[in-house]
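Trainee: Before we start, here is the structure in question, set down as structure tokens.
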Amino acid sequence: IYAEQNLVGIDHTEIGACIAEKWNFSKNLIFLIENHHNHLDKDNQNTDTALLHLTDYLINQDHIGMFDNFPINCTLNTSCLEILNISYNIIPEFKEKIIQSFEEI
């Protein structure tokens, strides 16, 4: 996001939200697109953003759908686990299911 802002003055979250609005996506989906990296912002935390953050974290951990060695270091904001009412202990099971689903695709 910082590189996008510095290079072109806008980032993919803003562009995505503009496109989603133009395509008449729901307000909730536009909000998620625009705020999918704002998981640390208490004002933007809800079940949908918490789930999106957890999914983003899990996918980035195993570089699913990315170039090999893509330099993303995504950290898990544990408040999303609280919002989703799940334990950190279930993370390995989620990761395994994601990997299996990705391999099936």
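Computed from the coordinates by the stated procedures, all read-outs in this text should not be read as laboratory data. The model shown is predicted, which means the values in this text are computed figures rather than measured ones. Note that we place each Cβ from the backbone using ideal geometry, even for glycine, and neighbour counts take in every protein chain shown.
Trainee: Return the distance in nm (one decimal) between the two label points of a simple spin-label model at Ile91 and Gln61, each offset 7 Å from Cα along Cα→Cβ.
Mentor: With each label point 7 Å from Cα toward Cβ, the separation is 0.5 nm.
Trainee: Amide H of Asp62: which non-local residues (sequence gap of 5 or more, or other chain) have their own amide H closer than 5 Å, using H built in the peptide plane?
Mentor: none
Trainee: Applying the Karplus parametrisation 6.51 cos²θ - 1.76 cosθ + 1.60 with θ = phi - 60° to the phi angles of the stretch 76-92, what ³J(HN,Hα) value in whole Hz is obtained for each residue in order, glycine and proline being reported as x?
Mentor: Values, residue by residue: 8, 7, 5, 5, 5, 5, 5, 4, 7, 6, 10, 9, 4, 4, 8, 3, x Hz.
Trainee: Something else: Residues with beta-carbon under 12 Å from that of Glu103, excluding Glu103: net charge, scoring Lys, Arg +1 and Asp, Glu -1? It would help to have the intermediate numbers written out before the result.
Mentor: Working: positive: Lys97; negative: Asp62, Glu96, Glu104.
Charge balance near Glu103 sits at -2.
Trainee: Among residues other than Leu32 whose Cβ falls under 12 Å from its Cβ, what is the net charge (Lys/Arg +1, Asp/Glu -1)? Walk me through the numbers on the way to the answer.
Mentor: Details: positive: Lys27; negative: Glu34, Asp48, Asp56.
That sum, taken over residues with Cβ under 12 Å, equals -2.
Trainee: Now for a different question. Return the distance in nm (one decimal) between the two label points of a simple spin-label model at Leu51 and Lys22, each offset 7 Å from Cα along Cα→Cβ.
Mentor: Distance between label points: 2.8 nm.
Trainee: How much length is gained if the chain between Cys74 and Gln5 is pulled fully straight, taking 0.36 nm per residue apart and subtracting their Cα-Cα distance, in nm to one decimal? Before the final figure, lay out each step's value.
Mentor: Numbers: separation 69, 0.36 × 69 = 24.84 nm, distance 1.86 nm.
Length gained between Cys74 and Gln5: 23.0 nm.
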